Amino acid sequence: MKLIRGLHNIRPRHRHCVLTIGNFDGVHLGHQAVLRRVRQYAQDLNVPAAVMVFEPQPLELFRPEQAPARLSQWREKYALMSKLGLEYLICTRFNAEFSQQPAEHFIQQVLVEKLGVKHLVVGDDFRFGRNRQGDFNLLQQAGAEFGFTVTNTESYRQSATRVSSTLIREALVRGQFVDAATMLGQPFHFSGRVIHGEKNGRKLGYPTANLALKRLHSPLHGVFAVTVSNGKEHWQGIANIGKRPTFGGEQLQLEVHLFDFHGNLYGQRLSVYPEYHIREEQKFDSLPALQAQLAQDEAAGRQWFAQRPHLFSIQATTNGQHP
Ligand SMILES: Cc1cc2nc3c(=O)[nH]c(=O)nc-3n(C[C@H](O)[C@H](O)[C@H](O)COP(=O)(O)O)c2cc1C
Ligand SMILES: Nc1ncnc2c1ncn2[C@@H]1O[C@H](COP(=O)(O)OP(=O)(O)O)[C@@H](O)[C@H]1O
C-alpha cells in the first residue's frame, strides 16, 4: 500500500481507481467490510483500490473539545489498512481551506481531475464540502455527468447491531473489552514509545513505563489490569490513564507497571491492552496513601489474571497474530 500524503502528491500515474472516503477510526470490522468491497470493485474494473482519510479528523478541527476519542492513532490506522490489500492510502490534511471548498469543486478537482475515480463507495449519509452541502445524491448526479459510478456502503452488523466506532467507544467505557474486541477484530490497545517521566515511580516501589499517548482525548480513563506487549514478549501489569492529580499533573498520560519485571523499557514501542477496569483515578493526600492504593491495585490486577482468561486468547482466535 502506497501512502500519498496530501492531495498535491497525487500524480497522473495515480489516476483511475476505486475509492472510498472516510475517517475509518479503529479500522473496525464494519470498515474492513467496506474496504473489502472497494478491493472487489477495483479487481472487477482492473484499477487500483484507494482509500482517502483526513488528518486531523474533521471534528478535531471544527470542535476539538467535542471530538470523540480516537480508537486508532494515525500510525495504527496506517498499519491496519496496510494489511487489507489496498493500493493507495491518500491522507488529506483537513484544514480550514480544504473544508471551505464547495462540494462541486471537490468532485471536479479531486475526484474527477486528480484521481479519475471510476467507482466510489460511500455511506448514504456521507456529507462533504463547504457547509456539508455535498451528499450521496450529488455524487450520483456528478457520476452520471463525469463517468463514474457510486454505491452505498451496506451496514455491517453483529447480532443485528450496526458496528460503529461510537458503539466500540461505548463498550470500552463500560469496560466491555471482549465486546469491543469482537467489533474491532482485535483487542483495543494503546501504542506508544516509552519516554522518561519524573522518576517518582521507582521511589514509590512501582516503576512505571510512561507512554507518549499523542492523543487529544482517550476513550478510557482510570486504572486497569493490562497485558503489555513489545511485539516479542508480553507481560501483565496495571496501568493508569490519567493526569496524576496527586502530583498536580495536567497532561493525560498512560503509565504502566509490569508485574515481576526489572529491566529497562525506555525507547521501546509498547502496546497496552486494557482488560479489566479496577477503579477511577483519585487525588491522594500523601505518597503513602497512593502507595497503599497501588498495592491494592496490584492485588486486584493479579487476581484478575489468576481468575480470568485474558484478551490475548481472543487475539489468537480472531486473527492468529501476535501484535
Ligand atoms: C496502577 C497505577 C495507578 C495509579 N493511580 C493513580 C491515582 O489514582 N492518582 C494519581 O495521582 N496517580 C496515580 N498513578 C500515577 C502515579 O502517580 C505515577 O506512577 C507516579 O506519578 C510516577 O510517575 P513517573 O513515572 O512520571 O515518575 C497511578 C499509577 C499506576 C501505575
Ligand atoms: N516493573 C516495571 N514496570 C515498568 N517499568 C519498569 C519496571 N521495572 C523497571 N522499569 C523501568 O523503569 C522505568 C520507570 O521508572 P520510574 O521511576 O517510574 O521512571 P519514569 O518516571 O522515567 O517512568 C521504566 O521506563 C522502565 O524502563
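The residues of segment 213-237 that are small (Gly, Ala, Ser) and within 12 Å of ligand 1 (Cβ to nearest atom), listed by number, are 222, 225, 237. Of all residues in segment 1-39, those satisfying the criterion of being within 24 Å of residue 135 (Cβ to Cβ) and in a helix (DSSP H, G or I) are 7, 30, 31, 33, 34, 35, 37, 38. Looking at segment 29-50, is at least one residue of a type in the set (Lys, Arg) and either in the same structural domain as residue 221 (by the TED database) or more than 24 Å from the chain's Cα centre (by Cα) (or both)? Checked segment 29-50: no residue is of a type in the set (Lys, Arg) and either in the same structural domain as residue 221 (by the TED database) or more than 24 Å from the chain's Cα centre (by Cα) (or both). Return the residue satisfying two criteria in turn: it lies in segment 194-230 and is charged (D, E, K, R) and either more than 16 Å from ligand 2 (Cβ to nearest atom) or at pLDDT 95 or above (or both), and of such residues it is surrounded by the fewest Cβ atoms within 10 Å (Cβ to Cβ). By that ranking, first place goes to 214. Within segment 278-302, residues that are free of Cβ contacts under 8 Å to residues at least 12 places away in the same chain have Cβ atoms under 9 Å from residues that are near ligand 1 (Cβ under 10 Å from one of its atoms) and in a helix (DSSP H, G or I) in these pairs: 285/246; 286/246; 289/246, counting only partners at least 6 apart in sequence or on another chain. Give the residue, chosen from 208, 166, 227, that is of a type in the set (Val, Ile, Thr) and either without any contact (Cβ under 8 Å) to a residue 60 or more places away in the chain or on the phi > 0 side of the Ramachandran plot (or both). Matching residue, one of 208, 166, 227: 208. The set of residues in segment 191-215 being assigned to a strand (DSSP E or B) and out of contact with any Asp or Glu (no Cβ under 9 Å at 6 or more places or on another chain) consists of 192, 193, 194, 195.
Taken over segment 184-193, the residue count meeting the criterion of being touching a strand residue (DSSP E or B) at 6+ places or on another chain (Cβ under 7 Å), among the small types (Gly, Ala, Ser) and away from ligand 2 (no atom under 15 Å from the Cβ) is 1. Give me the residue from segment 47-102 that is outside any strand (DSSP E or B) and among the small types (Gly, Ala, Ser) and, out of that set, surrounded by the most Cβ atoms within 10 Å (Cβ to Cβ). Only one residue fits best here, namely 72.
Could we say that residue 150 is at pLDDT 95 or above and more than 16 Å from ligand 1 (Cβ to nearest atom) here? Yes: the conditions hold for residue 150.
Among the residues of segment 255-294, the ones that are part of a loop (DSSP other than H, G, I, E, B) and out of contact with any Gly (no Cβ under 8 Å at 6 or more places or on another chain) come to 13 in all. For segment 26-42, the condition of being over 24 Å from residue 221 (Cβ atoms), modelled with pLDDT under 95 and small (Gly, Ala, Ser) holds for at least one residue. If you go through segment 13-68 and keep only what is small (Gly, Ala, Ser), farther than 17 Å from residue 163 by Cβ and out of contact with any Pro (no Cβ under 7 Å at 6 or more places or on another chain), you end up with 49, 50, 67.
The values are calculated or read from the model by the stated rules, or taken from the named source; none is laboratory data. Everything numeric here is computed off the predicted structure, so don't read it as measured data. For neighbour counting, all protein chains shown are included, and Cβ atoms are generated from backbone atoms with ideal geometry for every residue, glycine included.
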